[in-house]
Amino acid sequence: MTDLDLDCDVLVIGAGMGGSAIAFQLRNSGLRVLVVERGDRLPREPQNWDPTEVFVRKRYRPNERWRDLRTGDDFSPGVHYNVGGNTKVYGACLPRFREHDFDAIEYPEGVSPEWPISYAALEPYYAAAERELLVHGDDADDPTSPWRSSPYPFPPLPHEPSIAELADSWREQGLSPVSMPMGIDLRDGGACIRCGTCDGFPCSLGAKADAETSFLDPALRSDNVTLLTRATVVSLTTKRDTVGAAVIRHEGAQRSVRFAHVVLAAGAVNTASLLLRSGESPHNGLANSSGLVGRNYMVHNSTFMVAVDPRRKNTAAFTKTLGLHDWYKPSPDTPTPLGGVQMLGKLQTPMISAARPYVPKPILGVMTERSMDLYLTTEDLPSANNGVRLHDSGKVGIEWTPSNLEPHAELTRRMRTVMRTAGYPLVFSERMGIETNSHMCGTATMGDEPSSSVIAPNGQAHDVPNLWIADSSVFPSSAALNPALTIAANAMRTGDELLAALG
Ligand SMILES: Cc1cc2nc3c(=O)[nH]c(=O)nc-3n(C[C@H](O)[C@H](O)[C@H](O)COP(=O)(O)OP(=O)(O)OC[C@H]3O[C@@H](n4cnc5c(N)ncnc54)[C@H](O)[C@@H]3O)c2cc1C
């Protein structure tokens, strides 16, 4: 071994939600855990809350382009390569998936498959993840809420007046507005000031419960867990039917890490790309006897809806407290679930002007001062034709044809009517495209059968016994809710499964 070589018991690749949560779960095991992360610590600086820096200049986004394999065009993916991964800019909205999300659901265009684990198997880990992520919530008004073994760690966030007014209007329309569960530090002495720069921005105060603050930093307090930043895993090398080492690029040098077990948590696209780049046959990759590595890529059908009443301002700063799940569950009214609705973080002019450069800024300013900003999500169905491919250009290639669009269109139509009835005569909506991939999942799905899945229900690769996956790649379906809490809970469960496998 040279000084460029490293050695550990468990190598975790990626310090985002999945990687940080499994490192946390293994922190007291006595195993030497090394977390390698291609990015650095994201600095706390004035630019954290500057919408022009964050949305126009894309200060925290990598200078990386992926290729849309359908059109041949390149795009800037919504990824963040830093300690904490995408959670450094996430909205910290942390719902549990519902019980029926783990069952098969029939849609006109196909089936959202059953998971090999039930909600009950994940429930204790949901509770543990909510504690670490300081989740504030209350399910009392939510017609879809799953059972819980313990109450939310913290009470729900009250709505600010203009959001409360909107909730009242939804109630008057016969709907059931719900309080969205949020992971922010509003404990006694907590640093959160409920500002308008949470969703989409890094937190200058460290008051957002993200993967770094809630899982990785606590894990690093154990002597057994170490972090290597600016270290990109390039490939994994195999020895008979196991993986034995990772080749990493670290500050210009090539290094090698030897390990007993490796946990991939590089995010759904990079985890699949790494597997496809590894193994003995290029492009077929590692752990891929099923041929499913990189396939079944899902991202949610999502629409941004901006509803404006020119006569009144939206005075709320922290808007993301309200949601609507009336059409989330199959019911006689909606045999096909339509999805969920929640507020976006408050839109600011530079955030829209990046997408609408031809609209004069003063007009956008008037609009964003008055707008209610909503985020509509509908399940995207898995398809073997959608996925990640290694492109000859060296770029990551994404093949994505969205599915299940009619239920999403129906959700959009219903919400347009709801918002007009609530007194917002101008309602603009736009369905997001391939570059809005923040909820990506499904590229190495978990299942019982090695022929139809990549990962066993315990998180271990069917083909390679010392390879585990702890990010959203393993999701068999996308559900239609924000994924981060489920990623954290499943990564913690996978940590326990890894320890159980070691005896
Ligand atoms: C603007 C925005 C808002 C969001 N809001 C919410 C929300 O409110 N609620 C919610 O539930 N979800 C939200 N999400 C989604 C959520 O952040 C992701 O689902 C979650 O972070 C994914 O976790 P992960 O572990 O799969 O990947 P990530 O968190 O992306 O972590 C992957 C990590 O791996 C590293 N990496 C990649 N390749 C390599 C390599 N080869 N070698 C070493 N390291 C590597 C990356 O740098 C990264 O740090 C949001 C996302 C965005 C972008």
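Brief remarks on what is shown
- Paramagnetic reach from W147 in segment 117-133 [backbone N under 19 Å; point 7 Å along Cα→Cβ]: 117-128
- Put simply, the amide H of L6, placed in the peptide plane, has neighbours under 5 Å in S256, V257, R258, leaving out anything fewer than 5 places away on its chain.
- Per residue, the accessible area of segment 3-124 comes to 40 Å², computed with a 1.4 Å probe over protein heavy atoms only.
- The lysine pair count for the chain, using Cα distances under 23 Å and pairs eight or more places apart or on different chains, is 16.
- One Cα centroid belongs to segment 460-477, the other to segment 382-402; the line between them spans 19 Å.
- For segment 196-326, the carbon plus sulfur part of the accessible surface works out to 47%, probe radius 1.4 Å.
- As a calculated quantity, the FRET efficiency between E251 and A317 at R0 = 51 Å, using C-beta atoms, amounts to about 0.80.
- Accessible heavy-atom area order of S176, S289, highest first, probe of 1.4 Å: S289, S176
- Å² of accessible area per residue within segment 343-395, as computed with a 1.4 Å probe and no ligands counted: 42 Å²
- Here segment 19-43 and segment 85-123 have alpha carbon centers that stand 25 Å from each other.
- Loop sites in segment 123-177: chymotrypsin sites (Phe, Trp or Tyr not before Pro), DSSP, at most 13 other Cβ within 10 Å: W147
- Segment E109-I193, length gained on full extension (0.36 nm per residue, minus Cα span): 25.8 nm
- Using the Karplus relation 6.51 cos²θ - 1.76 cosθ + 1.60 with θ = phi - 60°, the per-residue 3J(HN,Hα) values for segment 158-164 come to x, 6, 6, x, 5, 6, 4 Hz, with x marking Gly and Pro.
- Around the amide H of N437, modelled in the peptide plane, lie the amide H atoms of G78, all under 5 Å away and 5 or more residues distant in sequence or on another chain.
- Here the relative contact order of the chain, from alpha carbon pairs under 8 Å that lie six or more residues apart, stands at 24 percent.
The values are calculated or read from the model by the stated rules, or taken from the named source; none is laboratory data. Just so you know, these numbers come straight off a predicted model, no measurement behind them. Counting neighbours? That spans all protein chains shown, and the Cβs are built from the backbone with ideal geometry, glycine included. Heavy atoms of the whole protein, side chains included, go into the accessibility calculation; ligands, DNA and RNA do not. Shrake-Rupley method; radii C 1.70, N 1.55, O 1.52, S 1.80 Å.
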